[in-house]
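Everything below concerns the one structure shown next.
The values are calculated or read from the model by the stated rules, or taken from the named source; none is laboratory data. Just so it is clear, the structure is predicted and the values come from calculations on it, not from any experiment. Note that each Cβ is placed from the backbone with ideal geometry, even for glycine, and that neighbours are counted across all protein chains shown. Only protein heavy atoms, including side chains, enter the accessible area calculation; ligands, DNA and RNA are left aside. Shrake-Rupley method; radii C 1.70, N 1.55, O 1.52, S 1.80 Å.
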Amino acid sequence: MDWDDARILLAIYRGGTLRAAAALLHVDQATVGRRLRALEEALHARLFLHTPRGYVPTRAGELALPAAEAMEKAADQLERLTQGTDERVSGTVRVTTSDTIARAFVMPAIQRLREAHPDLRLVLTASTHLSNLTRREADIAVRNVRPDNPDLISRRLGRRELGVYASKHYLKQHGEPRRGTAFEGHTVVVYQRAVFGARADTLCGEPFGNARVALEVNSGLMMLEAASRGLGVAELSTYLAQDSSSLVRIWPDCAEFYDLWLVMHGDLHRTARVRAVADAIVDVFEHGEEKPVAARPKKA
């Protein structure tokens, strides 16, 4: 069999359809179908049944899945271990974080890295989705959740503050909400529940059950934009809101805090290019944008 076809088995199982598998593998749907048939012929076994709900693994497919996952894990480990000895500050580094953190902290780090290491190529994904670092969906993540996976290493970047904000125009029209009223008589802009879970029911600990919800977003920048345009009261990170001349903080003594973590796979943190990007992000969090990134001297 072609060992690479094990990825086809896993992609169809995880995606449920040939189209979804093709998207995961960045190939066309016909290629996935052709390679599935080749794999089944090589193994002399039917691996999936095509049903109205999608592709369902047969008994043979179920037996093959753990072995295919072990092959995938071994291939990922081989790549990580060999890259961990790479001393060149060049190549591609994938970074994932939210749009607000990317704008305030990661983008300045990238700008400085480009000046010091022009051979680096950064792939930045701004999303609330937690990328799987063990499957190499990203090399570095900046997130507000500390991982519990023993294969990942994390560094606390700092603590950030959340506050309640509204635009000057909104407050002129509606006045300031009173605490303890669940924002009665007011309009709020909130995160979608899929983003914040149970915390989506409060703004800095104050329930908003009596408010009208004007907009639900999944992006911090869209939250900032909506609040700045007077669409409603919103919970924002203070580092994000403090630069807006149109926003006023309500209840300055009401605050919540969260930690930010830089996360990498343990096998990759020794890689020169990954280490350079991680160090630059840490420097921005600790010192702002002023401190330059020093280019490493070339080896003779």
- Message: Kindly evaluate Ser167 against the criterion of being touching a residue at least 40 places away in the same chain (Cβ under 8 Å), polar (S, T, N, Q), open to solvent by less than 50 Å² (accessible area, probe 1.4 Å) and touching a Ser or Thr at 6+ places or on another chain (Cβ under 6 Å).
- Response: yes
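Let's see how each residue does on (1) at pLDDT 90 or above; (2) under 25 Å from Ser127 (Cα atoms):
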position: Ala20; (1), (2): yes, yes
position: Leu25; (1), (2): no, yes
position: Leu36; (1), (2): yes, no
position: Leu39; (1), (2): no, no
position: Arg46; (1), (2): yes, no
position: Gln83; (1), (2): no, no
position: Arg88; (1), (2): no, no
position: Thr92; (1), (2): no, yes
position: Val95; (1), (2): yes, yes
- Task: Output the residues belonging to region 226-237 that are within 26 Å of His129 (Cβ to Cβ) and either surrounded by fewer than 16 Cβ atoms within 10 Å (Cβ to Cβ) or among the small types (Gly, Ala, Ser) (or both).
- Result: Ala226, Ala227, Ser228, Gly232, Ala234, Ser237
- Query: Quick check: anything in region 10-21 under 30 Å from Asp267 (Cβ atoms), open to solvent by 50 Å² or more (accessible area, probe 1.4 Å) and polar (S, T, N, Q)?
  - Reply: no
- Message: Can you say whether Gly205 is surrounded by 13 or more Cβ atoms within 10 Å (Cβ to Cβ), more than 18 Å from Ala104 (Cβ to Cβ) and touching a residue at least 40 places away in the same chain (Cβ under 8 Å), as far as the supplied structure shows?
- Response: yes
- Segments classed as helices (runs of 4 or more DSSP H), wholly inside region 1-85, with at least 3 members that are under 23 Å from Ala138 (Cβ atoms): 6-15, 18-25, 59-83
- Matching residues, region 106-133, being modelled with pLDDT under 85 and either within 22 Å of Tyr191 (Cβ to Cβ) or surrounded by 17 or more Cβ atoms within 10 Å (Cβ to Cβ) (or both): Ser127, Thr128, His129, Leu130, Ser131, Leu133
- So which of Arg103, Arg7, Arg35 is open to solvent by 80 Å² or more (accessible area, probe 1.4 Å) and more than 30 Å from Asp283 (Cβ to Cβ)? Arg7
- Item | Given (1) on the phi < 0 side of the Ramachandran plot; (2) touching a helix residue (DSSP H, G or I) at 6+ places or on another chain (Cβ under 8 Å); (3) at pLDDT 95 or above, index of the condition Gly232 fails | (1)
- Message: Of everything in region 187-199, what is open to solvent by 10 Å² or more (accessible area, probe 1.4 Å) and either modelled with pLDDT of 95 or more or assigned to a helix (DSSP H, G or I) (or both)? Give them in sequence order.
- Response: Thr187, Arg193, Ala194, Val195, Phe196, Gly197, Ala198, Arg199
